[in-house]
Amino acid sequence: MHGRTRVFQVVIICLGLCILMPPLLWAMEEAQQDALEQNRAETQQDVINTPHPVFPLPSFDDDLKQAERGEATAQYVLGRRYYYGDGVIQDRKKAVAWQTRAADQGHAAAQYVLGLLYLAGEGVDQDSQQAVVWISRSAELGSAEAQYALGMMYQNGEDVPRDTQKARELFVKAAMQGNKGARKQLAANKGQGQE
């Protein structure tokens with residue numbers, strides 16, 4: 001009888017764990033996701049001003065050779081290097097030129113950054129129409145940051161006609177990719193009855 005009681009206790013403990021573990025795992029996953037997302041830029045200016053991650057980068061000459069061969073990612077990186085003066089004299093116009101070359105090839109991150117540069121008028125004349133074009137292209141390619149930024153533009157009627165339904169669609173897409181700003185915006189809109 002004592003053996004059955006012990007087995008029964010083990011079964012009860014296992015059942016309890018099966019009931020308690022999913023919420024605990026979800027909470028742990030959400031906490032981990034929040035910690036990862038803390039490092040993401042939440043505003044447009046943060047994306048522009050976020051320096052390169054700290055890891056060994058190829059030399060400027062290596063990046064230049066790859067960029068001149070037409071490699072979009074190298075062009076994007078070179079644009080960032082010119083923007084920050086990383087291994088080269090800072091030159092915002094050259095940054096825009098390299099971002100444009102990468103963006104023209106469909107590089108989503110370059111399209112988003114180029115849109116932000118047009119929006120801010122950094123290295124190029126401020127042009128909100130061009131900003132919307134590039135941010136929209138990046139959003140269409142699936143950039144969560146671009147989807148969130150474009151959603152905010154539609155929600156506030158900034159540089160585009162106000163369209164809360166379009167904004168919500170973009171927030172949902174960005175939130176599904178883990179964009180914290182989009183999640184917060186969806187929750188705030190729901191709280192205000194703007195589902």
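Put a plus charge on the Cβ of each Lys and Arg, a minus charge on the Cβ of each Asp and Glu, and nothing anywhere else: the dipole of the range 120-195 about its Cα centre is then about 520 debye.
Under the classification rounded if a/c is under 1.5, otherwise prolate if a/b is larger than b/c and oblate if not, where does the range 141-195 fall, given a ≥ b ≥ c as square roots of the Cα gyration tensor eigenvalues? The partial results should precede the final answer.
On the way: a/c = 1.99, a/b = 1.06, b/c = 1.87.
It is oblate, given that a/c is not under 1.5 and a/b is not larger than b/c.
Net charge dipole, the range 84-129: roughly 100 debye, given to the nearest 20, about the Cα centre with Cβ charges of +1 for Lys and Arg and -1 for Asp and Glu. Each residue of the range 137-147 was assigned a 3J(HN,Hα) from its phi angle through the Karplus curve 6.51 cos²θ - 1.76 cosθ + 1.60 (θ = phi - 60°); the sequence is 4, 5, 4, 5, 7, x, 5, 4, 5, 5, 4 Hz, with glycine and proline shown as x. When a/c is below 1.5 the answer is rounded, else prolate if a/b is larger than b/c, else oblate, so apply that to the range 128-170 with a ≥ b ≥ c taken from the square roots of the Cα gyration tensor eigenvalues. Verdict is oblate for the range 128-170. For the range 61-186, a crude dipole built from +1 on the beta carbon of Lys and Arg and -1 on the beta carbon of Asp and Glu, taken about the Cα centre, is about 440 debye to the nearest 20. Counting heavy atoms of the protein chains alone, TYR84 has an accessible area of about 60 Å² for a 1.4 Å probe. The listed residues MET176, MET152 rank as MET176, MET152 when sorted by accessible area, largest first, using a 1.4 Å probe.
A crude spin-label estimate for the pair LYS93 and GLN105, with each label 7 Å from Cα along the Cβ direction, gives 2.4 nm. Heavy-atom accessible area for THR100, with the other protein chains in place and a 1.4 Å probe, reaches approximately 40 Å².
The values are calculated or read from the model by the stated rules, or taken from the named source; none is laboratory data. What you see is a predicted model, and the numbers here were worked out from it, not measured in a lab. FYI the Cβ positions are ideal-geometry reconstructions off the backbone, even for glycines, and counts take in every protein chain you see. SASA here: full protein model, heavy atoms, side chains in, ligands and nucleic acids out. Shrake-Rupley method; radii C 1.70, N 1.55, O 1.52, S 1.80 Å.
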